[in-house]
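The values are calculated or read from the model by the stated rules, or taken from the named source; none is laboratory data. These figures come from a predicted structure and were not determined experimentally. Neighbour counts are summed over all protein chains in view; Cβ atoms, including those assigned to glycine, are modelled from backbone coordinates with ideal geometry.
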Amino acid sequence: MKSLFYQWHADPLIILMVMTLIYLHYRKSGTSTIKSRFCFWSAIGLVLITTCSPLHFLGMHVYFSAHMVNHVILLLIAGPLLVMSIGTKPSAPMFKKISLFLHKRSWPAWLTAVIIMWCWHIPFLFDRSFAGMSGFTLMPLVHAGSMLLAGILFSWPLVGPFPELHIHPLSGIIYLATACISCSLLGLLITFAPIHTYQYYLETGAAMNGMRSNPWSLTPAADQQAAGLVMWVPCCFVYMAGCLYLLRRWFASQEPNFGRDASISLSTLMTNHE
Amino acid sequence: MSDINFIPEPEEPIPSLSVSNNQGILQWISSVDHKQIGIMYLWLSVLFLVIAGIEILLVRLQLAIPNNHFLAPEVYNQLFTMHGTTMIFFVAMPAIFGFTTYLVPLMIGANDMAFPRLNAFSFWTTFFGGSLLYFSFLAGGAPDAGWFNYAPLNEYNYSSSPGIDYYCSGLLFAGIGTLTASVNFIVTILHYRVLPMSLKQLPLFVWMILINSFLVLAAFPSLNAALAMLLLDRQLHAHFFSAAGGGSAILWQHLFWLFGHPEVYIVILPIFGIFSEVFPVFSRKPIFGYGMVVGSGVAIALLAFGVWIHHMFATGLGNTVNSFFAASSLLIGIPTGVKIFNWLATMHGGAIRFSVSMLFAIAFLIEFTIGGLSGISFAIVPIDWQLTDTYYVVAHLHFVFIGGTLFGLLSGLFYWFPKMSGRLPDPRLSKWFFWLFVAGFNITFLVQHALGAMGMPRRVYTYPDLPGWGILNLISTIGAFLMAGSVGLLVFILVRAIKKGAVASPDAWDANTLEWTTSSPPGLKNFDRVIPVKSTRPFRDYKRPEDADWNRPEGARKHEGKYIPQNNPHGK
């Protein structure tokens, strides 16, 4: 068996997705700055690490926990970085349309991300999704693409290309905190679910009869727990960092007058009609 | 119909206790005024403090010497359970909600809470919950499975007296009152601020209450659900927590600590708010890092849900789970540490006045840091395994609950008492109280760290005469009685001040926030008019317009080290 570090696999559809992202970035995303280039290439790097690298191999064939690390990177890091890489004056009108739509109704973005995250972890769908991964199929693209899309949609109302169309930072804190609770609940379920809830990693382990690369000698139970915990604890810190970033942005923002024009009401917090 | 007065309004700011007209007891019972309800919350808390204090004095008497048989084991179990449950749910929570109910409308320039009747409902539901819990003594036995009431000890087979049923019902009522009060606080803060006050100008106490109220909304449903499930188990033979019936005993611990760890922050975040008012006023400086105090409060609230498993390291969840939660538990010390440094930096270079309120605040910095450090030591799993269920835990939790929460409440009490009563407590006796209480507290609980490290388990009704155990327990008991004596002195100070204390001026401490702009005690509608709000210290701006915060150059505001102390407004 090849060393883990040689396990690089390039899925053609994933490469096509990356090429499309590069095209969109250079043709449609407006004024490019050092910050936007840094965000974009970091995001592309992370997408490639999670879809082609040994981390991907670990996630697909060895560890449930590595699989979850991939999910977290795509959803909570690569997605937001892609949104932040869009320049200040994007040429494509769709960016403005998306921003306007999500400014008025941020809950569809929240809900889409949460639904995508939860759906992939329904045990039946989870196990079936791996069956579709082998060979030349759409499944790798659907899997990684949907996670990335969830991350992009989720972060758009917070860090989208038009600052005036961001939701209020304090609304953003509630937006992130509620997502954090949802993510924690999913992590909690996976952590404490019975060992036979997710079959795929048990079967691959048995089929390879110990021949699989298990560099950290994790038992299936510990692996599943680590998978849930990755979703639960580090994610909570990512959301918290997002909340603190928003709070800092709010405190740093200039307000034209001292007064309630800068204040926020409960209805604003919930509906973002600032 | 129109001339019928359904709810008699108070003619005096603080009505008497007369029973012969509608301006006495009847007025208090039917009141929907936030100030009266706040005061009732505080007296409820004092009442339960005395009851729970007597319970623990009996426990300490039992533990004063080895092999003692002053109390029977069953009675001992009931007493420590009721002590813990009462202190958390019917002393700390009502005291915090008392200050909040009284002060939030005043600090934001409002006339009352958003929902005055809901406010009264919250108080009376809490009162009813506490009464129901204590009715268990008459109904056949108090709850006896500890304040966190672990399964399977809470199941009918192990505790067949009705005590735990009363525990469930009492806490359910109190929990409902807590939730409704939190909804009321959130709506009041977001919708009823005086017109020019933006959220960036909110007093930090109000900020902490806002964050705290969201935390309550997220945490209490878990407890309420667990209590309902336990009642079903006990009354209708459901099997949520019974392993024999296919349930899970560990599920109770998860549900309880999913509530319980945030609860630890629920009883400390408002205290951080109190100190964020006390330190600037008595240091005569603005708070250092207003945004950091808010930000660390938000961080604490969010992390509260990512660390609760550290209460369950000894349950055998496995090394993987323990490792993650050990790391996250170590990290949660950071935002609290940030706040400690905020307050230290606020004091630095200030013109400090050592009032009793400030003395409690300074003592808090020391005692709470000791409690925090012993807490961090529990994040290291092997230490937790060694020390769990020993007196080290008892010492730790009392250092954070007393050295943190209670010191904060006492600091707040001495700070706002002149506003609430219009009277000043005797300063000499108050300082006596401070020193006696702090001495009693340290004598009682410092030695318990050693007892725990020596292996003395908690919740045992007696212990063998092992080397050192007897003398350390005796010291602890002496300290407990010293604390009890000082609490008696506190009640005397308060009652004497209310009856014949020196009259307090409306602005007793040369303070910064809106509650000090009105009379002491405030009239029914709180304010005739509210002064302009242009910074976080509107009253100071009003008193010193030439040195107002909003009028100062940006650079001076950024470099707070160059700040001119408040007692020297012209910089001479």
How many of the residues making up region B:38-70 are farther than 21 Å from B:His398 by Cα and hydroxyl-bearing (Ser, Thr, Tyr)? 1
Residue match in region A:106-121 (condition: touching a Gly at 6+ places or on another chain (Cβ under 8 Å) and either within 14 Å of chain B (Cβ to nearest Cβ) or not basic (Lys, Arg) (or both)): yes
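Could you tell me which residue of region B:305-320 is surrounded by the fewest Cβ atoms within 10 Å (Cβ to Cβ), considering only residues that are assigned to a helix (DSSP H, G or I) and more than 10 Å from chain A (Cβ to nearest Cβ)?
Taking the candidates together, the pick is B:Ala314.
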For region B:321-352, how many residues are within 12 Å of another protein chain (Cβ to nearest Cβ) and of a type in the set (Ser, Thr, Tyr)? 3
It is to be established whether one or more residues within region B:185-194 are without any contact (Cβ under 8 Å) to a residue 40 or more places away in the chain, assigned to a loop (DSSP other than H, G, I, E, B), surrounded by fewer than 24 Cβ atoms within 10 Å (Cβ to Cβ) and facing chain A (nearest Cβ under 10 Å). no
Just checking, does region A:19-40 include any residue being within 16 Å of the chain's Cα centre (by Cα), surrounded by 14 or more Cβ atoms within 10 Å (Cβ to Cβ) and of a type in the set (Phe, Trp, Tyr)? yes
Of everything in region B:97-125, what is outside any helix (DSSP H, G or I) and closer than 18 Å to B:Val216 by Cβ? Give them in sequence order. B:Met113, B:Ala114, B:Phe115
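What number of residues in region B:275-304 are within 14 Å of another protein chain (Cβ to nearest Cβ) and outside any helix (DSSP H, G or I)?
Selection size over region B:275-304: 2.
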With respect to A:Leu158, determine if the residue is more than 14 Å from chain B (Cβ to nearest Cβ), out of contact with any strand residue (DSSP E or B) (no Cβ under 7 Å at 6 or more places or on another chain), over 30 Å from A:His9 (Cα atoms) and not charged (D, E, K, R). yes
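Residues checked against (1) of a type in the set (A, V, I, L, M); (2) farther than 25 Å from A:Val72 by Cβ:
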site: A:Ser3; (1), (2): no, yes
site: A:Pro12; (1), (2): no, yes
site: A:Met17; (1), (2): yes, no
site: A:Tyr26; (1), (2): no, yes
site: A:Ser32; (1), (2): no, yes
site: A:Lys35; (1), (2): no, no
site: A:Thr51; (1), (2): no, no
Condition (residue is farther than 30 Å from B:Val104 by Cα and buried (at least 21 other Cβ atoms within 10 Å of the Cβ)) applied to region B:399-420: is it met by at least one residue? no
Against the condition hydroxyl-bearing (Ser, Thr, Tyr) and within 28 Å of B:Thr388 (Cα to Cα), how does B:Thr336 come out, does it pass? yes
Would a scan of region B:214-223 turn up a residue that is at pLDDT below 95 and assigned to a loop (DSSP other than H, G, I, E, B)? no
If you go through region B:375-390 one residue at a time, do you hit one that is free of Cβ contacts under 8 Å to residues at least 40 places away in the same chain, within 19 Å of the chain's Cα centre (by Cα) and either closer than 30 Å to B:Ser535 by Cα or in a helix (DSSP H, G or I) (or both)? no
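Among the residues of region B:477-530, write down those that are in a loop (DSSP other than H, G, I, E, B) and within 22 Å of the chain's Cα centre (by Cα).
B:Thr513
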Quick check on region A:169-198: of everything there that is more than 10 Å from every other protein chain (Cβ to nearest Cβ) and closer than 27 Å to B:Lys200 by Cβ, which residue is surrounded by the most Cβ atoms within 10 Å (Cβ to Cβ)? A:Tyr175
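Could you tell me which of the residues B:Ala181, B:Ala151 is within 30 Å of B:Tyr461 (Cβ to Cβ), in contact with a Phe, Trp or Tyr (Cβ under 8 Å, 6 or more places away or on another chain) and either more than 14 Å from chain A (Cβ to nearest Cβ) or not basic (Lys, Arg) (or both)? Explain how you work it out, then say what you get.
Details: B:Ala181 fails: within 30 Å of B:Tyr461 (Cβ to Cβ).
It is B:Ala151.
Criterion first (touching a residue at least 24 places away in the same chain (Cβ under 8 Å) and either surrounded by 17 or more Cβ atoms within 10 Å (Cβ to Cβ) or outside any loop (DSSP other than H, G, I, E, B) (or both)) does B:Leu466 satisfy it?
Working: touching a residue at least 24 places away in the same chain (Cβ under 8 Å): yes; either surrounded by 17 or more Cβ atoms within 10 Å (Cβ to Cβ) or outside any loop (DSSP other than H, G, I, E, B) (or both): no.
Taking the combined requirement at face value, the residue does not satisfy it.
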In region A:151-174, what count of residues is obtained for those that are within 26 Å of A:Thr33 (Cβ to Cβ) and in a helix (DSSP H, G or I)? 14
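Can you tell me which residues in region B:149-184 are among the polar types (S, T, N, Q) and assigned to a helix (DSSP H, G or I)? It would help to see each step written out before you state the result.
Taking region B:149-184 as the starting set, the residues that turn out to be among the polar types (S, T, N, Q) are B:149, B:154, B:157, B:159-161, B:169, B:178, B:180, B:182, B:184.
Listed by number, the residues that qualify are B:Ser169, B:Thr178, B:Thr180, B:Ser182, B:Asn184.
Within region B:263-274, can one find any residue that is in contact with a helix residue (DSSP H, G or I) (Cβ under 8 Å, 6 or more places away or on another chain) and either within 14 Å of another protein chain (Cβ to nearest Cβ) or over 22 Å from B:Phe99 (Cα atoms) (or both)? Please lay out each step first, then the result.
Step one: filter region B:263-274 for residues in contact with a helix residue (DSSP H, G or I) (Cβ under 8 Å, 6 or more places away or on another chain), giving B:263-274.
Of the ones still in play, those that are also either within 14 Å of another protein chain (Cβ to nearest Cβ) or over 22 Å from B:Phe99 (Cα atoms) (or both) are B:265.
Yes, because at least one residue in region B:263-274 is in contact with a helix residue (DSSP H, G or I) (Cβ under 8 Å, 6 or more places away or on another chain) and either within 14 Å of another protein chain (Cβ to nearest Cβ) or over 22 Å from B:Phe99 (Cα atoms) (or both).
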Of all residues being surrounded by 15 or more Cβ atoms within 10 Å (Cβ to Cβ), within 14 Å of another protein chain (Cβ to nearest Cβ) and at pLDDT 85 or above in region A:199-226, which is nearest to the chain's Cα centre (by Cα)? Just the residue, please. A:Ala226
